[in-house]
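The values are calculated or read from the model by the stated rules, or taken from the named source; none is laboratory data. Small disclaimer: the values here were computed from a predicted structure and weren't measured. So basically every Cβ, Gly included, is an ideal-geometry build from the backbone, and we count neighbours across all protein chains shown. The protein model used for the area step is the full one, side chains on, heavy atoms only, and it has no ligands, DNA or RNA in it. Shrake-Rupley method; radii C 1.70, N 1.55, O 1.52, S 1.80 Å.
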Amino acid sequence: MSATQWAEDAAATIMERCDRLAELTSMDGGIERVYLSPEMARAYELVGGWMKDAGLAVSIDPAGNLRGRAEGNQPSLPALVLGSHLDSVPDAGKYDGILGVITALSVAEHLVKSGATASLPFAIEVVGFGDEEGARFGATLLGSYALGGGWNDEWLDLTDANGVTMRQAFTDFGLDPDRVAEAAHSVEDAIGYLEFHIEQGPILEQKDRALSSVSSIAAASRYMVTIHGLSSHIATPYDLRHDALTAAANIIAGVDEISRSAGTRANVGEISAEPGGVNVIAGKATFSLDLRAGTDELRDETFARIWAMADRVCAEYGVTMERTCIHTADSAQCDPFLRSCIEQGIEQAEGKEAFGLISYPGHDGMAVAGLLPIAMLYVRCKGGISHSPLESVREDDVAYGAEAFERAILNVADRLHERAERQPLTADIVLGMGA
Ligand SMILES: [Zn+2]
């Protein structure tokens, strides 16, 4: 089965537009575009222009997100939000986030120009979030938290690497830092959130498939773990040592074993030891630990096993452990109704049975899920590689993806039509559809 002609044409445009956006960067020889930066303003000008050409009403919201809106079968209906992010990590690829915004834009354009929006029982809103990665201020998902009603004014005091506060950055971007929370949707003016995104993992490639839905965005928690021992001369006999680094190494090996057997994903990406002498037993070792799991329960059970193992190792090595949680996010389950509309869209576009994957990377949808029902469409990326200049997607996959995404929106409309004739749609009605 091949994608329809409009989707093939759209995919060519989408690939070209991702190339154009890659040129809006603050980094020599690479891609870097962060929240509230001059590069982001240029990206908004470019993408905002494409939105206008598509027939969307364009605005930059109080949180510094780019929004384009097409009305449905009457003005001022609640919106189905189609979002992803336009910011990037340092030395990024061209597609993480960007592909989702640009594909949503092409789909919205086709819905407008084919006249389909005139019969939709909701408006369409394409959102390019200004911050998902957190590369500038450390805190992540800032744009999507604002849209989802989870904005926290304390973030305004965070500073970037140059000492610029977020408050100042808002002012420099032409926005009022005291009005960011006004970017929030409500369950009366939006009905749900759909996101198109590259997989950032290898499963679709392994299964030889272009597309999948997402069942949930994984729960994640991050800790900094410090092992306190006693530094001493290499001559110290083993039974008298309090070797913090060897204990840490054993704990890290234990984390790997436990996480593999639990079906979760763990990573220790940073480690340091003090005092750091080749002939000195380390008195202190500090490492990071990030763990992701499909459900909150599985994350919590796995951490319980990890800490019990770590306590045994500490006892064996005569050291103590101190741990600080530096980030925690509960899993976001995708809404069964919206997910089924996406899976039906995949089957209509690809002619193959659809399935769902757990998303281990975090996404904007997590920050919106507190307010609105969410669902995601994943598209295969080469080797599962992301957050790297090597990020790559196939144009024919993008064509299938655009087609499936449009069909998903039309499926939502078809299945809500009768309800919409009786009463105005709300997010609660959509939530009730899957129950
Ligand atoms: Zn992303």
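A few comments on the model shown:
- Alpha-carbon centroids, the stretch 13-69 and the stretch 76-136: separation in whole Å: 11
- Taking amide H as placed 1.01 Å from N in the peptide plane, G149 has its amide H under 5 Å from the amide H of H185, each at least 5 places away in sequence or on another chain.
- Per-residue 3J(HN,Hα) values for the stretch 267-277, derived from phi via the Karplus relation 6.51 cos²θ - 1.76 cosθ + 1.60 with θ = phi - 60°, read 8, 10, x, 9, 8, 9, 9, 10, x, x, x Hz in sequence order (x marks Gly and Pro).
- Across the stretch 170-178, computed HN-Hα scalar couplings (Karplus, 6.51 cos²θ - 1.76 cosθ + 1.60, θ = phi - 60°) run 4, 4, 4, 7, x, 10, 8, x, 7 Hz from first to last residue, x flagging Gly and Pro.
- Amide H to amide H distances under 5 Å link G192 with V81, where only residues 5 or more positions off or on other chains count and H is placed in the peptide plane.
- Here the convex hull built on the C-alpha positions of the stretch 319-435 has a volume of 171 cubic angstrom per residue.
- Net charge of the neighbourhood of R299, taken over other residues with C-beta under 10 Å away and scored Lys/Arg +1, Asp/Glu -1, is -4.
- Split the accessible area of the stretch 306-435 by element, probe 1.4 Å, and carbon with sulfur accounts for 49%.
- With the charge dipole of the chain set up from +1 on Lys and Arg Cβ and -1 on Asp and Glu Cβ about the Cα centre, the Cα lying farthest toward the positive end among the listed residues A57, A266, T236 is that of T236.
- Here the Karplus curve 6.51 cos²θ - 1.76 cosθ + 1.60, taken at θ = phi - 60°, turns the phi angles of the stretch 363-371 into couplings of 9, 3, x, 4, 7, 8, 4, x, 10 Hz, with x standing for Gly and Pro.
- For the chain, the longest principal axis of the Cα atoms and the long axis of helix 336-350 meet at an angle of about 70 degrees.
- Helix-only [θ]222 nm of the chain, DSSP H runs n ≥ 4, -39500 (n - 2.57) each, per residue, nearest 500: -12000 deg cm²/dmol
- Relative to the longest principal axis of the Cα atoms of the chain, helix 38-53 runs at roughly 30 degrees.
- With all protein chains in place and a 1.4 Å probe, the accessible surface of the stretch 162-217 carries 43 percent carbon and sulfur.
- Computed about the Cα centre, the dipole magnitude for the chain is approximately 500 debye when only Lys and Arg (+1) and Asp and Glu (-1) carry charge, each at its Cβ.
- Angle in degrees between helix 244-262 and the longest Cα principal axis of the chain, rounded to the nearest 10: 40
- Ranked from largest, the principal axis spans of the Cα set of the stretch 212-324 equal 57, 22, 20 Å.
- Given in Å, the Rg to one decimal and the Dmax to the nearest whole number for the Cα atoms of the chain are 23.6, 82.
- Whole-Å distance, taken between Cα centres, linking the stretch 258-286 and the stretch 369-435: 40
- Normalising the average separation of contacting C-alpha pairs (under 8 angstrom, six or more residues apart) by the number of residues puts the relative contact order of the chain at 22 percent.
- For the pair the stretch 314-357 and the stretch 225-251, the centres of their Cα atoms are 36 angstrom apart.
- Near I326, the amide H atoms lying under 5 Å from its own belong to R222, Y223, M224; only residues 5 or more places off or on other chains count, and H is placed 1.01 Å from N.
- The DSSP beta bridges internal to the chain are antiparallel in roughly 70% of cases.
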